[in-house]
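The values are calculated or read from the model by the stated rules, or taken from the named source; none is laboratory data. In this text the structure is predicted, and so the values were computed from the model without any measurement. A quick note on method: Cβ atoms are made from the backbone with ideal geometry, for glycine too, and the neighbour counts reach across all protein chains shown. Remember, those area values only see protein heavy atoms, side chains included, never the ligands or the DNA or RNA. Shrake-Rupley method; radii C 1.70, N 1.55, O 1.52, S 1.80 Å.
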Amino acid sequence: MPFIIGTPIPEDKILVQSVSQIYGIGLSQSKILCRKAGFGQDCRGKNVSFSQGKILGNLAENTSLFLGSDLRRFHNDKIRRLCLMSSYRGLRHKKGLPVRGQRTHTNAKKRLQFKINVN
């Protein structure tokens, strides 16, 4: 089972869908990466050798996008910055309420249920 940017690639799934499981890579970007690496549309994870996985990983890392844990860290830093500034959006994040203007009288049950602890 090859690892690309810290994400395991399942052997039984189609490679294009497996690569899209990497945080920050969607289906269209994974199709482009697989085409550049020379994989077909029906290639599966078990057909990928270690060297081919290395090539695919290098292609993914050389994109101008944040991927994996770097992207998660970037998003968390943005939220943390909003909370430190005490902006309206930051306060909504701290309280665990909807951030983008949604109503809370009848909706937002999930958001109210799972409050995020951002310190």
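Details
- Put simply, of Q21, Q41, Q17, Q52 the only residue that is in contact with a strand residue (DSSP E or B) (Cβ under 7 Å, 6 or more places away or on another chain), open to solvent by 50 Å² or more (accessible area, probe 1.4 Å) and polar (S, T, N, Q) is Q21.
- Within region 63-112, the residues that satisfy the criterion of being aliphatic (A, V, I, L, M) and either open to solvent by 40 Å² or more (accessible area, probe 1.4 Å) or in contact with a Lys or Arg (Cβ under 8 Å, 6 or more places away or on another chain) (or both) are L65, I79, L82, L84, M85, L91, L97, V99, L112.
- For region 24-106, the helices (runs of 4 or more DSSP H) that sit wholly inside it and include 2 or more residues that are in contact with a helix residue (DSSP H, G or I) (Cβ under 8 Å, 6 or more places away or on another chain) and at pLDDT 90 or above are 27-37, 69-85, 88-95.
- Residues in region 24-38 that are small (G, A, S) and open to solvent by 80 Å² or more (accessible area, probe 1.4 Å): 1 in all.
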